[in-house]
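Accompanying notes for the structure given below.
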Amino acid sequence: MAGSAEAASGQLRNLTEVGIFTTHKPHDAEFYKDYLYIADGNSVLVYNMTDPESPKLINKFTDFNEPRQVDGLSISEDRLYTASGAGWVNVLNISDPETPEKLYQFNYLDSSGDVAVQGDYMYVADANAGLLIFDLYDRKDPSLIGMFYILRSNISGSLHGWGGISVEVSGNYAFLSGASNKGFYIIDISDKTAPREVYHSLGKNVYDIALSGNDVYLARSGGTSDFDKLNISNIYAPVITGSFSIAGTADRSAVVIHPSGDYLYAASEGTWHIFMMEDTLPPQIIIEEPGEGEVFTERTIEVSGRASDRSGVAEVLVNGQFAGTESWHQTITLVEGINSINITAFDKKGFHKTEILKISYHLPEQTIISAPEIEATVNGTEMSPAGRLVILNLIYIAFIVIFLIVIAYLGLKSKRIL
């Protein structure tokens with residue numbers, strides 16, 4: 001077997017090489033359904049990947065204008081975009097994955113090294129500037145709306161800087177590598193007209209970039225082929241969580257991840273190495289209801305959420321009771337005070353993770369019903385209607401009593417006079 005992944009201390013240990021295959025000059029690769037498309041220097045190779053460990057070449061597409069260069073590619077829905085140098089970007093129809101059909105091509109400002117398409121925008125790693133952003137409102141005539149220069153010079157209004165080699169895009173971020181060892185960039189593209197750098201690192205040239213969840217795989221080269229796995233959970237401070245090298249001399253490398261996440265394909269010069277990636281991570285747990293620290297006055301509540309794992313979720317237990325798998329829920333009876341609810345998810349390989357949710361239960365306050373009280377007017381607070389009625393009744397009774405006393409007094413006085 002030509003070359004193998006080194007298993008040095010501190011490097012990726014979950015890789016097992018399961019096969020190889022060779023191409024001419026691999027630059028980039030993308031999956032679409034059960035097919036792998038490889039930018040192979042002067043053609044696009046189409047492989048059937050029904051068996052991920054045994055790729056089958058079924059087509060070699062070469063219908064490109066001179067100089068017939070294919071340095072990078074990107075797939076959006078059933079359209080394949082190729083970066084073809086000299087300012088050319090070609091668009092192929094791959095609705096029939098085995099038989100690509102050329103639709104059209106367009107020329108832009110400079111020279112394309114790689115391309116990434118997301119939604120209505122196209123991102124080009126430009127050979128003389130860095131990153132160019134195009135609006136694809138008119139698919140056959142894209143409009144340049146934004147630029148990110150790698151070490152831009154002070155020549156205003158012109159394309160002048162170090163070239164971009166590879167580009168990938170996910171959400172509001174673009175991942176770009178610069179030529180001449182100018183490093184790896186993460187760029188905020190939420191404002192397409194004003195992209196800005198959020199991270200930059202130096203090192204050997206990165207010739208290809210692959211994304212998988214919160215992980216970015218960088219294919220470096222320059223004597224040997226080296227591959228880094230970068231975790232971007234904190235986009236402003238990514239961390240290298242693993243690396244490996246392929247023995248032998250190489251001036252070019254490429255990398256792509258199988259959609260299942262179970263395989264990594266790494267190219268060193270013209271040889272692709274197929275690695276099975278063992279799942280060594282526990283499941284992820286998302287608690288949807290209730291929220292941490294929530295307070296309840298009902299004794300019985302529902303706890304629910306989701307779980308995920310590359311190997312599949314075997315079961316989720318809530319306080320030791322089966323609650324489901326990918327989607328789970330459980331009815332819980334609370335005790336007065338703080339309640340700790342243990343939620344444990346197991347994947348199909350036996351790895352597990354536990355989250356502890358703390359909520360509180362308090363007995364509902366009892367309401368004491370009393371006779372209507374007279375509400376006096378205090379600090380501007382108005383008396384209730386019932387209170388006013390009682391006062392009026394008391395005044396009326398007092399008036400009657402006083403009237404009777406006066407009558408009685410006058411009667412006694414008149415008798416004395418007689």
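Key figures
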item	result
Criterion: among the β-branched types (Val, Ile, Thr), in the same structural domain as residue 63 (by TED's automatic domain parsing) and at pLDDT below 95 - qualifying residue of 150, 94	150
Tally of residues being surrounded by fewer than 21 Cβ atoms within 10 Å (Cβ to Cβ) and of a type in the set (A, V, I, L, M, F, W, C) across the stretch 46-68	4
Looking only at the stretch 174-208, and only at residues there that are aromatic (Phe, Trp, Tyr) and within 21 Å of residue 29 (Cβ to Cβ), the one that is surrounded by the most Cβ atoms within 10 Å (Cβ to Cβ)	207
Any hit, the stretch 337-358, residues being small (Gly, Ala, Ser) and in a loop (DSSP other than H, G, I, E, B)	yes
From the options 333, 325, residue that is more than 12 Å from residue 300 (Cα to Cα), in the same structural domain as residue 311 (by TED's automatic domain parsing) and of a type in the set (S, T, N, Q)	325
Options 237, 266: the member that is within 30 Å of residue 19 (Cα to Cα), in the same structural domain as residue 178 (by TED's automatic domain parsing) and either in a loop (DSSP other than H, G, I, E, B) or aliphatic (A, V, I, L, M) (or both)	266
Test: residue 223 is over 18 Å from residue 126 (Cα atoms) and out of contact with any strand residue (DSSP E or B) (no Cβ under 7 Å at 6 or more places or on another chain)	no
Unmet requirement for residue 296, which otherwise passes all of (1) aromatic (Phe, Trp, Tyr); (2) closer than 30 Å to residue 216 by Cβ; (3) surrounded by fewer than 19 Cβ atoms within 10 Å (Cβ to Cβ)	(2)
Hits in the stretch 233-254 - residues which are surrounded by 14 or more Cβ atoms within 10 Å (Cβ to Cβ), without any contact (Cβ under 8 Å) to a residue 60 or more places away in the chain and among the hydrophobic types (A, V, I, L, M, F, W, C)	250
Considering residues of the stretch 255-279 that are of a type in the set (Phe, Trp, Tyr) and closer than 19 Å to residue 166 by Cβ only, the residue surrounded by the most Cβ atoms within 10 Å (Cβ to Cβ)	265
Members of the stretch 128-150 that are among the aliphatic types (A, V, I, L, M), assigned to a loop (DSSP other than H, G, I, E, B) and more than 22 Å from residue 92 (Cβ to Cβ)	129
Which numbered condition residue 136 misses (of (1) surrounded by fewer than 22 Cβ atoms within 10 Å (Cβ to Cβ); (2) within 27 Å of the chain's Cα centre (by Cα); (3) at pLDDT 95 or above)	(3)
Lone unmet requirement of (1) part of a loop (DSSP other than H, G, I, E, B); (2) surrounded by fewer than 17 Cβ atoms within 10 Å (Cβ to Cβ) for residue 282	(2)
Residue in the stretch 308-329 that is over 27 Å from the mean Cα position of the chain (by Cα), crowded, with 17+ Cβ neighbours inside 10 Å and under 30 Å from residue 17 (Cβ atoms) present	no
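The values are calculated or read from the model by the stated rules, or taken from the named source; none is laboratory data. Because the structure is predicted, anything quoted here is derived from the model rather than measured. Cβ atoms come from the backbone with ideal geometry, glycine included; neighbour counts cover every protein chain shown.
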